[in-house]
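The values are calculated or read from the model by the stated rules, or taken from the named source; none is laboratory data. Since we're looking at a predicted model, the values are computed, not measured. When we count neighbours, we look across all protein chains shown, and the Cβ atoms used for this are built from the backbone with ideal geometry, even at glycine.
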Amino acid sequence: MKMIRAMIRPEKADDVTDGLEEAGFGALTKMNVVGRGKQKGITFGNSHYDEIPKVMILIVVKDDDVEEAVNVITKKAYTGNFGDGKIFVSAVEKAVTVRTNLEGL
């Protein structure tokens, strides 16, 4: 299993979650976060914004489904501008459903 963490623009969050749902990845967690990327914030006139609002989507998928899920996210989150986001993929050692105590997805 792999965990995919995607930091994306807030205005693209619904497009991404809808795209994941259509592709069969309905279980996810979505939360509002703030952060900055390589550009270290943005400047408008005399104002500098160090932390930019983003949405983080967390999804755990089978190893074989990682590329498909990442492709959906990149396609749906893309605007072509700086700050479109970043995707991180990491291994999940174990997943347990609280209600049933069963392991796995």
Among residues of region 28-59 being at pLDDT below 95 and aliphatic (A, V, I, L, M), the residue farthest from residue 75 (Cα to Cα) is 42
Checked pairs for region 74-96, first closer than 18 Å to residue 39 by Cα, second surrounded by fewer than 11 Cβ atoms within 10 Å (Cβ to Cβ), C-beta under 6 Å and 6 or more apart or across chains, list as 82/39
